[in-house]
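This report concerns only the one structure given below.
The values are calculated or read from the model by the stated rules, or taken from the named source; none is laboratory data. Model, not experiment: these values are computed from the prediction. Cβ coordinates were reconstructed from backbone atoms using ideal geometry, including for glycine residues, and neighbour counts include every protein chain displayed. The protein model used for the area step is the full one, side chains on, heavy atoms only, and it has no ligands, DNA or RNA in it. Shrake-Rupley method; radii C 1.70, N 1.55, O 1.52, S 1.80 Å.
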Amino acid sequence: MQALRLARPRASLRPFARSIAASASGTHATASPASSASSSVIPLSNVEAQWEQLSHDEQLTVHQQLEELQKKDWKTLSIDEKKAAYYVAFGPHGPRAPVNPPGTTMKVLLGTLAGVAAAGAVFIAVRSFAPPPPKSISKEWEEASNERALEQKMNPISGISSEGYSGTGFVTHK
Amino acid sequence: MRAQLVASLLRTRPIAVRRVAPMLARPSSNAAHEETFESFTERYVTFFQQAQDLFEVQRGLNNCFAHDLVPAPSVIEAAVRAARRVNDYATAVRVFEGIKEKVENKQQYQAYLDELKPVREELGINVREELYSS
C-alpha cells in the first residue's frame, strides 16, 4: 500500500528532475570549456549577482582571479574589481548571509495584525449571535428584588435589612 | 613471568602514588599587569608590521578590535599596510568598517577617516560607503 502510494509522486517527479539535470549539465557544458580557455569567464562586475549560483570550481576561479588582481597597485583597480574583491571576502553570503530575508519584519507585522483582526472579527460575530441578556439583569428587576428582600427582612444582621445599612443591595446598575 | 610482572608493578607503584605537594597559595589575579593604551598601540603596531600572512593579519585584527577601545590611528595604519603587504584589498576595506562599528558617533568616524586620508590615498583604499554609493 505504502509502496503504491509512493510510486506515483516519484514517477511524476522524475521527468522534472531529469530536465533540471539536463539544464544544469547544459550550462556546465557551455561554461567549462570557456573557463579552461580563459580565466575571465565570469565578469567581475557581475560577481555579486552571480555568486550564489556559481559552482565551487567557478568560485575558485574567481578567487584566484581576484588574488592576482589584488597583487597589483590598488589605485589601478576599478570600482567593480574592488567591489568584487570585497564581496567575495566579506559579502552577505555563506556564514554572513542575513538570517531573515529583507521584508521579514513587514511580513511578521502584517501577519500579526491579520491574526488579531481575525480574532476580533470572530469575537464580534459570536457576540452578534448571542441571545439577549436575561430579564433579571435590569435596574427595575434589581430594585424590585431589594423591595422584596426588605419585605422579607432578609439578612438582618449584616445585610440589606440590618440597621444603618448603606449599600445598594441587589442593585448593580448605575 | 607473572611473578616478575607483579614484582615490577609493586616496584613501580610507590613512584606512581607519590603525591605532588598541593599549591596552597594561588597567585593573586591583581598581579596581572594593566596594559596602558600606549603600550597596547605599540604592541599592535609591531604585530602588524611583523605579520606575514593574511591569516595572521586577520587574527590580529580580531584580537585588536575585541578590546573595549578604538585602536589608535597608528594601529590602523599598520594594519592597512599589513593588508597591502599580504595583498588583500578586502581586509583593508574591512578595517575601516571595523572602526565604524567601534566608534561612538559619526564625527569620530569622520575624524578617523580624515586622519587616515593620506594612507587611504596612497594605497588606493575606498571605504565601503564609497564602494557602494557609486
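Around the amide H of A:THR168, modelled in the peptide plane, lies no amide H under 5 Å away from a residue 5 or more places distant or on another chain. Between B:LEU69 and A:ALA121, the C-beta separation translates, for a Förster distance of 51 Å, into a calculated FRET efficiency of about 0.35.
Structure shown: which of A:LYS107/B:LYS100; A:LYS71/B:LYS106; A:LYS82/B:LYS100 lie over 28 Å apart, alpha-carbon to alpha-carbon? If you can, show how the numbers build up before the last one.
Numbers: A:LYS107/B:LYS100 30 Å; A:LYS71/B:LYS106 32 Å; A:LYS82/B:LYS100 19 Å.
Pairs exceeding 28 Å: A:LYS107/B:LYS100; A:LYS71/B:LYS106.
Cross-link partners for A:LYS135 among the lysines, with Cα-Cα distance under 28 Å and sequence neighbours closer than 8 places in the same chain left out: A:LYS153, A:LYS174. Rounded to the nearest Hz, the phi-derived 3J(HN,Hα) couplings of segment B:114-122 under the Karplus curve 6.51 cos²θ - 1.76 cosθ + 1.60 (θ = phi - 60°) are 5, 4, 9, 4, x, 5, 4, 6, 5, where x marks glycine and proline.
Sorting A:107-114, A:47-54, B:40-47, A:153-160 by average packing, meaning the other beta carbons within 10 Å per residue, from highest down gives B:40-47, A:47-54, A:153-160, A:107-114.
If amide hydrogens are placed 1.01 Å from N in the peptide plane, which non-local residues have theirs closer than 5 Å to the one on A:GLY91? Amide H neighbours of A:GLY91, under 5 Å, 5+ apart: none. The string of couplings for segment B:58-73 from the Karplus curve (6.51, -1.76, 1.60, θ = phi - 60°) is 5, 5, x, 5, 4, 5, 5, 7, 7, 7, 8, 7, 9, x, 5, x Hz, one whole number per residue in order, with x for Gly and Pro. The convex hull drawn around the Cα atoms of segment A:40-97, when projected onto a plane and averaged over every direction, covers 3.8 nm². In this rough spin-label picture, where each label sits 7 Å from Cα along the Cβ direction, the B:GLU104-A:GLU52 distance is 4.0 nm. Ordered from largest to smallest accessible area (heavy atoms of protein chains, 1.4 Å probe), the residues A:LYS72, A:LYS135, B:LYS102 come out as A:LYS135, A:LYS72, B:LYS102.
Evaluate E = 1/(1 + (r/R0)^6) for A:SER128 and A:LYS107, where r is the Cβ-Cβ distance and R0 equals 25 Å; express this FRET efficiency to the nearest 0.05. Mind showing how you got there, number by number?
On the way: r = 31 Å, r/R0 = 1.26.
Plugging the Cβ-Cβ distance into 1/(1 + (r/R0)^6) gives 0.20.
Here the calculated FRET efficiency for A:HIS173 and A:ARG148, from their Cβ-Cβ distance with R0 = 22 Å, stands at 0.85, rounded to the nearest 0.05.
Along segment A:98-113 the Karplus relation, 6.51 cos²θ - 1.76 cosθ + 1.60 evaluated at θ = phi - 60°, assigns HN-Hα couplings of x, 5, 10, x, x, x, 5, 4, 4, 4, 5, 4, 5, x, 5, 4 Hz to successive residues, with x for each Gly and Pro.
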